[in-house]
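Input: a single structure, listed below in structure tokens.
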Amino acid sequence: MAGKQQRPTFVPSPEQMALWPEISGNKINGLGEKEPRRPTPIYWHAPDETPHGPLQLWFYKHNLGNPSIAATRETRQKIIDAPLPPVAEKQELRSPEDWVKKVKGFEMQIDGIHIGITPMQPEWVFEGKTLDIPWLIMIVVKMDYEPIKDAPSDESLKEIIEKYGYGLKAAKQIAAWVRDHGWDAYGHCGPEAGATLLIPAAIEAGLGELGKHGSLISPRYGASCRIACVQTNLPLVADALAPFGADDYCFNCKACERACPPDALTSEKHWVRGEKKWYVDFDKCLPFFNENGSCGACLASCPWSKPGVPEKLTAKLKKRAMQKSRL
């Protein structure tokens with residue numbers, strides 16, 4: 001019988017590593033820290049604000065993309081540049097519950113999104129940033145599995161860029177609607193970092209759980225999704241946390257660990273800024289990501305990403321939890 005095929009060892013290019021700062025990205029992220037603190041900007045912020053800024057500029061230069069990808073980026077840039085309407089002078093008054101109903105009605109208007117609501121938490125705001133708003137409307141955007149399944153590839157990168165643009169367009173549509181009713185609102189979607197972390201806010205808004213691969217696992221869309229948000233002072237009501245078993249599932253699954261080209265994932269959780277959670281080794285992940293224009297191998301391999309699986313797995317895990325509660 002043939003032995004198990006070994007994954008090729010990834011060796012970053014000397015050109016890229018010549019730009020690597022002395023400080024570890026894991027240290028900046030707070031790996032091993034048992035005391036809570038706000039996150040420190042590290043990547044996708046203004047390049048001149050972080051030690052890894054030269055690597056980010058190298059990424060931009062190294063990954064100009066084929067014409068199709070360049071066109072997709074141009075389309076997304078138009079969404080970024082599109083202005084929001086001014087806030088209407090007359091502020092419409094409704095109950096928070098009614099506003100929530102209206103906001104969540106956008107799920108019926110915009111295909112492939114899931115909306116949750118959470119109060120803004122100061123610990124999500126990056127050091128050096130300020131965000132004086134009380135509410136976040138979190139938006140999870142479904143990605144198509146077919147172009148993602150062979151990531152990293154040009155097809156998967158194009159899909160990722162498209163869905164970032166789609167998420168931002170959805171966020172801006174909701175923000176514009178909020179402004180038309182006299183309340184302040186701004187839309188945001190990655191990959192560029194805003195003032196706050198998005199994954200913890202999405203989890204708090206009841207939209208999923210953190211996976212071993214460091215990304216959100218949605219009960220609707222699995223790991224094949226992106227996150228956007230609307231920052232607003234519209235009076236709202238928070239959604240509750242909604243664990244559904246993905247965290248426990250990750251303990252017993254090694255699909256993303258085995259698929260990770262730079263071996264950046266582990267079977268154990270780690271302390272990160274006062275919280276024990278799944279963590280992706282930044283110093284291993286980023287060089288591979290930079291040289292390939294993106295990655296996503298972990299998401300492509302995740303069982304939750306496959307069409308139809310999230311619904312079936314969620315139902316199965318829910319049933320199992322109910323059976324255990326009766327014992």
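The values are calculated or read from the model by the stated rules, or taken from the named source; none is laboratory data. These figures come from a predicted structure and were not determined experimentally. In this analysis, Cβ positions are derived from the backbone assuming ideal geometry, glycine residues included, and neighbour counts consider all displayed protein chains. Accessible surface is based on the protein model in full, side chains and every heavy atom, while ligands, DNA and RNA are left aside. Shrake-Rupley method; radii C 1.70, N 1.55, O 1.52, S 1.80 Å.
Selection of segment 28-59 for residues being without any contact (Cβ under 8 Å) to a residue 60 or more places away in the chain, loosely packed, with under 15 Cβ neighbours inside 10 Å and more than 19 Å from LYS284 (Cα to Cα) yields ALA46, ASP48. In segment 155-172, the residues that are of a type in the set (Lys, Arg) form Cβ pairs under 7 Å with partners that are surrounded by 23 or more Cβ atoms within 10 Å (Cβ to Cβ), at six or more places apart or across chains, as follows: LYS163/VAL141; LYS163/MET143; LYS163/ARG226; LYS172/GLY187.
Taking the numbered list (1) of a type in the set (A, V, I, L, M); (2) part of a loop (DSSP other than H, G, I, E, B); (3) in contact (Cβ under 8 Å) with a residue 40 or more places away in the chain; (4) open to solvent by less than 30 Å² (accessible area, probe 1.4 Å) in turn, LEU286 passes all entries but (2). Selection over segment 184-214 of residues that are surrounded by fewer than 24 Cβ atoms within 10 Å (Cβ to Cβ) and in a loop (DSSP other than H, G, I, E, B) gives a count of 11. Close Cβ contacts (under 9 Å, 6 or more residues apart or on different chains) running from residues in segment 299-314 that are under 13 Å from PRO147 (Cα atoms) and outside any helix (DSSP H, G or I) to residues that are open to solvent by 40 Å² or more (accessible area, probe 1.4 Å) and among the basic types (Lys, Arg) comprise LYS306/LYS149.
Can you tell me which residues in segment 136-158 are under 16 Å from the mean Cα position of the chain (by Cα) and open to solvent by 10 Å² or more (accessible area, probe 1.4 Å)? Passing the criteria: LYS142, ASP144, LEU157. Scanning segment 278-298 for residues that are modelled with pLDDT of 95 or more, in contact with a Gly (Cβ under 9 Å, 6 or more places away or on another chain) and not aromatic (Phe, Trp, Tyr) returns VAL280, ASP281, ASP283, CYS285, LEU286, CYS298. When the residues of segment 222-271 are filtered to those that are in contact (Cβ under 8 Å) with a residue 60 or more places away in the chain and among the β-branched types (Val, Ile, Thr), the one that is most open to solvent (accessible area, probe 1.4 Å) is VAL237.
Restricting attention to segment 290-308, and to residues there that are open to solvent by 40 Å² or more (accessible area, probe 1.4 Å) and in contact with a helix residue (DSSP H, G or I) (Cβ under 8 Å, 6 or more places away or on another chain), which single residue is farthest from SER215 (Cα to Cα)? Among those that are open to solvent by 40 Å² or more (accessible area, probe 1.4 Å) and in contact with a helix residue (DSSP H, G or I) (Cβ under 8 Å, 6 or more places away or on another chain), it is GLU291. Take the conditions farther than 30 Å from ARG273 by Cβ, at pLDDT 95 or above and charged (D, E, K, R) and apply them to ASP154. Does it pass? So ASP154 does not fit the description; no. Among the residues making up segment 104-135, those that are over 20 Å from PRO219 (Cα atoms) and either touching a Cys at 6+ places or on another chain (Cβ under 9 Å) or hydrophobic (A, V, I, L, M, F, W, C) (or both) are MET120, TRP124, VAL125, PHE126, LEU131, ILE133, TRP135.
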